[in-house]
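One structure is given here, and the rest of the page talks about it.
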Amino acid sequence: MIIELSLATTFLAGLTIVLGGIVEGYGYGLSLGTKWPYTRDMVHLAVRKADPEAMHRISATLVGLLSLTILILDFNLLSIAGFISVIFTALLGMATLYVLAGKLPSIFQGFHDIAAYTTMVIYLLIAMGFDPSRFTSFIIDAITPPHFLYFVIFMGGVVTGTRKMRFSIGDVRKPKNRLQWIWIVHSIAGVIFFLSLILLQLWIPLALALIEGIVGLLVFRGINRNPEKPGIVVGLHQLFSIAIVLSLVIFSI
């Protein structure tokens, strides 16, 4: 049962991340305001109005409920870490609403993205029967060079938080503002990560990273064309990020 629950939690955590990308892609970031985690008629908004922000919050709630269930049924270091990660993701999710509203700095969105991906990874590890005693060393390996993906994810969140889902990035060949410099740092981090995959000879993650880079350029183009609604490419950007993370976990243990 733990395996099935953990797989379901992993799937829903990934779905929540993709829905977050769709929220950005179609301009629903503050469609429910800064009220969190619930607002009136959540299910109605999700089903009848097809509001991805409502779907995002419902999916996140299901992750939380499954996380609590796993914690009760299988109390160990991994299930504790997963539950704590869910709590941090939820609190930082609330913070991102205030980032979009201009009331908190953009780094909170970066930390939110890290917490969201960490949640997904932890429940995948539980589903794979990962030894909880190895979790600390696994996380250290995951966040230190040459494993650079966490910093790429963090900077991607900072880019989104800085542009507040409504500003274009503009011409970055001669950066003139904070947003453009942050985008450049995000891109440099992506290149370093790409090179690290070559160094480590992780060919499947490398192939996925190459596709992700192309999708990232499409996101950049979409944002500059229509900063408030760059489209489905933002969701695809998150989807390929998830694929890279999952492939790294599978090939690292």
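The values are calculated or read from the model by the stated rules, or taken from the named source; none is laboratory data. It should be emphasised that the depicted structure is a prediction, and the values quoted were computed from it without experimental measurement. We place every Cβ from the backbone using ideal geometry, glycine too, and count neighbours over all the protein chains shown. Only protein heavy atoms, including side chains, enter the accessible area calculation; ligands, DNA and RNA are left aside. Shrake-Rupley method; radii C 1.70, N 1.55, O 1.52, S 1.80 Å.
Tabulated data
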{"read-out": "Eligible aspartates and glutamates near LYS229 by straight Cα distance, threshold 18 Å, same-chain separation 8 or greater", "value": "GLU24, ASP51, GLU53"}
{"read-out": "Helical contribution to [θ] at 222 nm, DSSP H n ≥ 4, -39,500 (n - 2.57), averaged over the chain, rounded to 500", "value": "-25000 deg cm²/dmol"}
{"read-out": "For Cα extents along the principal axes in Å, calculated from these coordinates, the label among [x] 79, 37, 30; [y] 51, 50, 28; [z] 61, 41, 31", "value": "[y]"}
{"read-out": "Separation in nanometres of the label points that stand 7 Å from Cα toward Cβ, at ILE211 and PHE251", "value": "1.3"}
{"read-out": "Charge dipole (the range 1-94, unit charges on Cβ, about Cα centre) - positive-most of LEU66, LEU19, VAL43", "value": "VAL43"}
{"read-out": "Inter-label distance, nm, simple model (7 Å from Cα along the C-beta direction), LYS229/MET94", "value": "3.2"}
{"read-out": "Percent accessible area from carbon and sulfur atoms, the chain, protein chains only, probe 1.4 Å", "value": "71"}
{"read-out": "Given charges at beta-carbon only (K, R positive; D, E negative), |dipole| of the chain in Debye", "value": "1080"}
{"read-out": "Cut-off 18 Å (backbone N to label point 7 Å along Cα→Cβ of ILE107), residues of the range 168-182", "value": "178-182"}
{"read-out": "Per residue value of the accessible surface for the range 1-252 (all protein chains in place, 1.4 Å probe), Å²", "value": "50"}
{"read-out": "Cut-off 13 Å between beta-carbons: net charge of the residues surrounding TYR123, Lys and Arg +1, Asp and Glu -1", "value": "-2"}
{"read-out": "In Hz, Karplus ³J(HN,Hα) per residue of the range 196-202 (6.51, -1.76, 1.60; θ = phi - 60°; x = Gly, Pro)", "value": "5, 5, 5, 4, 7, 6, 9"}
{"read-out": "Shape category assigned to the range 169-253 from the gyration tensor of Cα positions, a/c cut at 1.5", "value": "oblate"}
